[in-house]
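The values are calculated or read from the model by the stated rules, or taken from the named source; none is laboratory data. None of these values were measured; they are calculated from a predicted model. Here the Cβ positions follow ideal geometry from the backbone for every residue, glycine too, while neighbour counts run over all protein chains shown.
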There are 2 protein chains.
Amino acid sequence: MAKGEQTRQAILARAFEIAKTVGLSGLSIGRLAEDTGLSKSGLFAHFGSKEALEVAVVEEAARQFVELVMTPALRRPRGEPRVRALFERWLQWGQRPGGCFFVAAVAELDDRPGPPRDALVQVSKDWLDTLATAARITIAEGHFRPDVDPDQFAFDVYSIMLGFHTYQKFLRAPASLERARESLERLLASARAPAARAGDRR
Amino acid sequence: MAKGEQTRQAILARAFEIAKTVGLSGLSIGRLAEDTGLSKSGLFAHFGSKEALEVAVVEEAARQFVELVMTPALRRPRGEPRVRALFERWLQWGQRPGGCFFVAAVAELDDRPGPPRDALVQVSKDWLDTLATAARITIAEGHFRPDVDPDQFAFDVYSIMLGFHTYQKFLRAPASLERARESLERLLASARAPAARAGDRR
């Protein structure tokens, strides 16, 4: 990585941490300057505007999500084991301090049209596509029935995760994790091919 | 209804409409005074503080939800027909302009401890209890299997609704309604008692 790229990466990692605490709206180039000791003009040179900084933070969040959730899960065997790994690592991601960055960002940007919202919609759709692809592979492996709708499966897993976040962060319900896992089990059971052997599943 | 109570009710209905557009934080006694033509001192006499006004608006939202969603659904036959009616009227509630007030308010109040958040948590838990009770009745009627967990069922229905709102309002996905209904069908199918006759279901 070139020096300039390394600096940008370090600034982004810091900007992401700030945004997790105060939200994307609370993040400013001035605050980032104070926090990193860099000059405001230097940060403007890197990002150009507050809006471009927000887009860069959404992309940094996506980069970390790929690194911590997707990449390790994609190393697991194709089919149900991979679907389970995606789900479990996603749950872990949501349990980091402050909860899931994306859930908070969706709530924040929902009514704010513009490039940061567009970037977040794109990242969310990419993730739903990844889930649908994982379902498609699970059908191809014979673990799920051929008539399972991969996009419906993605909707269902995404819904469970939204339920988990609301139960955990807002309602502070004690059994949030167990509820989410139980829902996934029901979803997998309803999608599973009758011939799928128990040994294929984990 | 006494005159004072009628006035309060009319003010609250207006405050609820404002909060749906600008959020609870954007609602102020000053803005409400402009909007209703009442004096700020008169509104303070009714609500006491901005915080008390927010609590009153959450309770007004709950009152309207009971009137538009719960009460009509509870007139349907006990068991699966009632569960379906609760779900369908809840979907309709979420399709009113601006989307679901509660989903927006949860996002807004999540990180803001205080009486408005407490009121919203209470309203949400009451609603989840209503869903669990509906599931319990559906078991008693023999439409659901006896081993269905009513609180898990409430989590599952709530999750579907959160998925629906994110697909509809944030992602603007075209098939949001169909996805939500398909998920409910799968949930009902997995909960249904083998002996439940098709005639009991609608």
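Here are the numbers:
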{"item": "Pairs where the first residue, in segment B:37-53, is touching a residue at least 12 places away in the same chain (Cβ under 8 Å) and the second is among the small types (Gly, Ala, Ser), C-beta under 8 Å, 6+ apart", "result": "B:LEU43/B:ALA33; B:PHE47/B:ALA56; B:LYS50/B:SER28; B:GLU51/B:GLY114; B:LEU53/B:ALA15"}
{"item": "Scan of segment B:91-127 for residues that are modelled with pLDDT of 95 or more, closer than 28 Å to B:ILE139 by Cα and within 14 Å of chain A (Cβ to nearest Cβ), ordered by number", "result": "B:LEU91, B:VAL121, B:GLN122, B:VAL123, B:SER124, B:LYS125, B:ASP126, B:TRP127"}
{"item": "Residue match in segment B:161-169 (condition: free of Cβ contacts under 8 Å to residues at least 24 places away in the same chain, more than 19 Å from A:ALA104 (Cβ to Cβ) and within 13 Å of another protein chain (Cβ to nearest Cβ))", "result": "no"}
{"item": "Candidates B:ALA189, B:ALA134, B:ALA193, filtered to the one that is in contact (Cβ under 8 Å) with a residue 24 or more places away in the chain and out of contact with any His (no Cβ under 9 Å at 6 or more places or on another chain)", "result": "B:ALA134"}
{"item": "When residues of segment B:91-117 are limited to those that are assigned to a helix (DSSP H, G or I) and small (Gly, Ala, Ser), the one nearest to the chain's Cα centre (by Cα)", "result": "B:GLY94"}
{"item": "Evaluation of B:GLY98 against (1) touching a helix residue (DSSP H, G or I) at 6+ places or on another chain (Cβ under 6 Å); (2) buried (at least 20 other Cβ atoms within 10 Å of the Cβ) (one fails), failing number", "result": "(2)"}
{"item": "Residues of segment B:37-59 satisfying the condition of being farther than 16 Å from B:GLU5 by Cβ, of a type outside the set (A, V, I, L, M, F, W, C) and part of a helix (DSSP H, G or I)", "result": "B:LYS40, B:SER41, B:LYS50, B:GLU51, B:GLU54"}
{"item": "Any hit, segment B:174-184, residues being within 8 Å of chain A (Cβ to nearest Cβ), of a type in the set (Lys, Arg) and either crowded, with 22+ Cβ neighbours inside 10 Å or within 30 Å of A:ASP147 (Cβ to Cβ) (or both)", "result": "yes"}
